[in-house]
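Let me begin by presenting the structure, written as structure tokens, before commenting on it.
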Amino acid sequence: MKRKIVTISIIILILSVVLSGCIENNNQKQKGDFITDTVANFKITIEDLPESYIKKYEGEDFTSQFSHYPEEKPIESLKIEFSKGNSSNQDEYDYITCELNKFDSIENAEIAFTSTLDYIITTGNFEVINETINIIGNESKAITKEDYYDFLAFRILNVIILISSKDFSFTFELAEIIEERIYESFD
């Protein structure tokens, strides 16, 4: 009987060691992964939008604080803007912005995400829509301000995305498209 207990204990111990090693290797792999593709591969395109939208701008200029404020600047930034309707009629007008910033490490992206959002919220008098939710990517935050569209900022590994439109549910759908493109790049 003692022999069976000792044998079972040894088997459990060996399995514990083996499984903990597998879990540790898996976590290390996830921590070591980061996005190497160009952010242009993940951007929103005119094909992702309903009819009537036109592309207004695409480039590295006119980007937000995410590309300017952090101490460690991103190694790649891209902003793209779309609109539809007449800007003089706010009921019919919609304006979509999408910005992607890639950093050289996950740690730098984490620091930039937190510090830059805090800076934007504080200096721009923005409010967090709901601080209890983390709805997309590794971390995310939705912010709002009167007379502005709601913004969704989220981070996936070493890329920070800032996106907005007139309708927050549509903004979220666009964010999911970007998220899917990023995750598919690992396949």
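The values are calculated or read from the model by the stated rules, or taken from the named source; none is laboratory data. Note that the structure is predicted; figures quoted are calculated from it, not measured. Here the Cβ positions follow ideal geometry from the backbone for every residue, glycine too, while neighbour counts run over all protein chains shown. Side chains included, ligands, DNA and RNA excluded: accessible areas come from the protein's heavy atoms. Shrake-Rupley method; radii C 1.70, N 1.55, O 1.52, S 1.80 Å.
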Just add up the charged neighbours of Lys79: K/R +1, D/E -1, any other residue whose Cβ is under 10 Å from the Cβ of Lys79. -4
Charge sum, other residues only, whose C-beta stays under 14 Å from Tyr95's C-beta, Lys/Arg counted +1 and Asp/Glu -1: -3
Would you check the accessible area of Ser77, probe 1.4 Å, heavy atoms only, in square angstrom rounded to 10? 20 Å²
Answer rounded, prolate or oblate for segment 78-187, using the Cα gyration tensor with square roots of eigenvalues a ≥ b ≥ c: rounded when a/c is under 1.5, else prolate when a/b is larger than b/c, else oblate. oblate
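Rounded, prolate or oblate: which one fits segment 79-124, using the alpha carbon gyration tensor with axes a ≥ b ≥ c (rounded when a/c is under 1.5, else prolate when a/b beats b/c, else oblate)?
On the way: a/c = 5.91, a/b = 2.11, b/c = 2.81.
Judged from the Cα gyration tensor, segment 79-124 comes out oblate (a/c at least 1.5, b/c at or above a/b).
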Cβ-Cβ cut-off under 12 Å around Thr171, Lys and Arg +1, Asp and Glu -1: the net charge is -4
With label points built 7 Å along Cα→Cβ from the Cα atoms of Glu180 and Glu72, find their separation and express it in nm. 3.1 nm
Express in Å², to the nearest 10, the accessible area of Phe172 obtained by rolling a 1.4 Å probe over the protein heavy atoms while all chains stay in place. 50 Å²
Rounded to whole Hz, the Karplus (6.51, -1.76, 1.60) HN-Hα couplings of segment 155-170, x for glycine and proline: 10, 10, 6, 9, 10, 10, 10, 10, 9, 8, 7, 5, 10, 4, 5, 5
